[in-house]
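Input: a single structure, listed below in structure tokens.
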Amino acid sequence: MEEIKPHRTESHESVIKPAAGPVNPLSNPKDERRIAIEKKLVRKLDARCSLFVLIYIMNYLDRNNIASAKGKGLTRDLNLNATQYSTCLSILYVGYILMQIPSNLVINRISRPSWYIAIAILIWGAISTCSGVVTSFGGMVAIRFTLGFVEAAFLPGALLILSKWYTRRELTLRNAILFGGNLISNAFAALIAAGVLSNMEGVLGHAAWRWMFWIEGAITMLIAIFAFFLLPDLPHNTKGFSEEELEVAQLRLLEDVGEADQDSADQGVFDGFFMAIKDVKIYVMCFALTAYVVGLSFNAFFPSLTGTLGFSYIPTLLMSSPPWVFATIVSMVNAWHADRTQEKFWHIVVPMLGGLVGFIICMATNQTAARYVALFLQASSYAGFIVFYSWISSSFPRPPAKRAVAIALINAFSQFGNIAGSYVWKLDSNGYRKAYGIVTAMFGVAIVLCYIFRSILVNLNKKLEAGEQAWETRADVADKGNKLEHVEAGGDEALDMKRGFRYLI
């Protein structure tokens, strides 16, 4: 378990010693000027971070449009059998898993993460367009592996950047807005695919599925250009914010946890990695999220599941969209309430319970209306998945290097769930009943592991109540916080904030 070190009691002299200079007026969260600056900061930040939603939509489309292409001749043109098609799906996650931790280590150490992510978007857009010229199984495997390798930079990187700007009371809703791109893409991927696949067949002598890859890849590369100029970097160096706004951005994170959000100068490149792998919480979350991802693996096969309702191809694609629109609304409400109540466990488990009901309905009946309602319940189980990611950030708050690895490691490990899921849904006999049985069991495992994780945090909070520290604060990081607050080193302001820190359960 993460080491809990005894709290160091300050000497009487250090507590009563007056500050060296005037306290920073912006450090008072109730100051009217501070409130106005903070509101303006958050509005600007929300506007710029909204581009993440559009990027995530294209990230999902470029990764999963192969499922729509399957129904319009891809497997026939490339002579793919069922196993080869599943391999094309799963090989993407090999590259995706390998690159996430190295990528987040880089993002955490560079001063312009927006440029890094924008370059990655440009490259994966180009790779995605190449999917439209593939003529063999081997070529598609190579493209999919490389695509996953480059796309790995986006999601953990975006989550890390958001955690460097938003407080724990704001982060779940912002993560939900980000993941809204994923849910919206589930909804509109089918509509885009329906439009392209029904109208582009034979244009300039090419199959419609090839046009889909070309069009969506070109849109991704266009968005990359905007990302260079719009995505935020760090709270101390992002252009487009005033000096006061950047100062308040740093103060907010200091007040949220009781320590400045920066790594110590004497920490090496891999220190965050070693701190993370020594923390038992990492492993509980890894297995919990992996089980959750296996349960959610139906998303890549959603058109096929909707196809069990018995409609023709285009109506099936169109009917695949409403459940994801519903899931987006449920996720936003669930995330808003999680932020408002500062509670995580039940905001994760309740959506999973809804998904379980949907799985059971699909196993129990072939009635069309009931199965379609069940698809809505299944899609809405994504609401808990979004809260889970904010639980990662809030459970590994400092130092940032450890948080960067935690986000990437847990997300990367969970991709084994996507690999397994690509084979689970090959069990398509009798309306996918065997597949539904497997994902039902995986949701059960995820719920149990989330309860174990919650119990660990409850125990850690009891130790914090007893006066122990959640992590060791390096001297230069403490000095950074003191400078922001304009207080003298050794004063009790930062200590009081840190004493007030509790893990969110």
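Only one entry in Phe241, Phe213 is part of a loop (DSSP other than H, G, I, E, B) and either surrounded by 19 or more Cβ atoms within 10 Å (Cβ to Cβ) or not assigned by the TED database to the domain that holds Asp46 (or both), namely Phe241. Within this structure, Leu449 fails the test of being crowded, with 22+ Cβ neighbours inside 10 Å and in contact (Cβ under 8 Å) with a residue 24 or more places away in the chain. If you filter region 37-57 down to residues that are aliphatic (A, V, I, L, M) and open to solvent by 60 Å² or more (accessible area, probe 1.4 Å), you find that the one that is nearest to Ala249 (Cα to Cα) is Ala47. Quick check: is even one residue across region 322-329 modelled with pLDDT under 95, of a type in the set (S, T, N, Q) and either open to solvent by less than 40 Å² (accessible area, probe 1.4 Å) or farther than 15 Å from Tyr389 by Cβ (or both)? The answer is yes; a qualifying residue exists. The set of residues from region 372-392 being open to solvent by 10 Å² or more (accessible area, probe 1.4 Å) and touching a residue at least 60 places away in the same chain (Cβ under 8 Å) comprises Tyr372, Tyr382, Phe385. Taking every residue in region 132-143 that is within 20 Å of Ile215 (Cα to Cα) and pairing it with any residue that is open to solvent by 30 Å² or more (accessible area, probe 1.4 Å) and basic (Lys, Arg), at least 6 positions away or on another chain, the pairs with Cβ-Cβ distances below 9 Å are Gly132/Arg210; Val133/Arg210; Val134/Arg210.
Within region 411-430, residues that are free of Cβ contacts under 8 Å to residues at least 12 places away in the same chain sit with their Cβ atoms under 7 Å from residues that are basic (Lys, Arg), at 6+ positions apart or across chains, in these pairs: Leu427/Lys434.
Could you grab me the full set of residues in region 265-308 that are under 30 Å from Glu38 (Cβ atoms) and open to solvent by 10 Å² or more (accessible area, probe 1.4 Å)? Residues satisfying the conditions are Ala265, Gln267.
Here is the figure for region 123-137: residues that are surrounded by fewer than 20 Cβ atoms within 10 Å (Cβ to Cβ) and either of a type in the set (Phe, Trp, Tyr) or within 20 Å of the chain's Cα centre (by Cα) (or both) total 1. Scanning region 355-365 for any residue that is part of a helix (DSSP H, G or I), of a type in the set (S, T, N, Q) and at pLDDT below 95 turns up nothing. A Cβ distance below 7 Å, combined with a sequence gap of six or more or placement on separate chains, defines the contacts here; from region 210-236, residues that are farther than 21 Å from Ile66 by Cβ reach residues that are open to solvent by less than 10 Å² (accessible area, probe 1.4 Å) and part of a loop (DSSP other than H, G, I, E, B) in the pairs Pro232/Trp165; Pro232/Thr238; Pro235/Trp165. Lys72 meets each of the listed conditions (1) of a type outside the set (Asp, Glu); (2) open to solvent by 30 Å² or more (accessible area, probe 1.4 Å); (3) within 29 Å of the chain's Cα centre (by Cα) apart from (3).
Close contacts from region 195-209, counting a first residue that is farther than 17 Å from Val134 by Cα and among the small types (Gly, Ala, Ser) and a second that is part of a helix (DSSP H, G or I) and open to solvent by 50 Å² or more (accessible area, probe 1.4 Å), with Cβ to Cβ under 9 Å and a gap of 6+ residues or different chains, come to Ser198/Tyr313; Ser198/Ile314. Just one of (1) open to solvent by less than 10 Å² (accessible area, probe 1.4 Å); (2) part of a helix (DSSP H, G or I); (3) touching a helix residue (DSSP H, G or I) at 6+ places or on another chain (Cβ under 6 Å) fails for Ser114. It is (3). Within region 334-358, no residue that is closer than 22 Å to Val439 by Cα and not assigned by the TED database to the domain that holds Phe302 sits with its Cβ atom under 8 Å from a residue that is open to solvent by less than 20 Å² (accessible area, probe 1.4 Å) and in a helix (DSSP H, G or I) at 6+ positions apart or across chains. Can you name every residue in region 282-318 that is in contact (Cβ under 8 Å) with a residue 40 or more places away in the chain and of a type in the set (S, T, N, Q)? Matches in region 282-318: Thr290, Ser297, Asn299, Ser304, Thr306, Thr308. Considering region 279-314, and only residues there that are in a helix (DSSP H, G or I) and among the β-branched types (Val, Ile, Thr), the residue that is farthest from Ile447 (Cα to Cα) turns out to be Ile314.
Tell me yes or no: at least one residue of region 172-187 is touching a Gly at 6+ places or on another chain (Cβ under 7 Å) and either within 18 Å of Ala408 (Cα to Cα) or in contact (Cβ under 8 Å) with a residue 24 or more places away in the chain (or both). Within region 172-187, none of the residues are touching a Gly at 6+ places or on another chain (Cβ under 7 Å) and either within 18 Å of Ala408 (Cα to Cα) or in contact (Cβ under 8 Å) with a residue 24 or more places away in the chain (or both).
Scanning for something modelled with pLDDT of 70 or more, over 30 Å from Glu151 (Cα atoms) and out of contact with any Cys (no Cβ under 8 Å at 6 or more places or on another chain), does region 415-429 turn up at least one residue? Yes: region 415-429 contains one or more residues that are modelled with pLDDT of 70 or more, over 30 Å from Glu151 (Cα atoms) and out of contact with any Cys (no Cβ under 8 Å at 6 or more places or on another chain).
The values are calculated or read from the model by the stated rules, or taken from the named source; none is laboratory data. All values derive from a computational prediction rather than experimental measurement. Positions of Cβ are backbone-derived with ideal geometry, glycine not excepted, and every protein chain shown enters the neighbour counts. Protein only, heavy atoms only, side chains kept; ligands, DNA and RNA dropped before computing areas. Shrake-Rupley method; radii C 1.70, N 1.55, O 1.52, S 1.80 Å.
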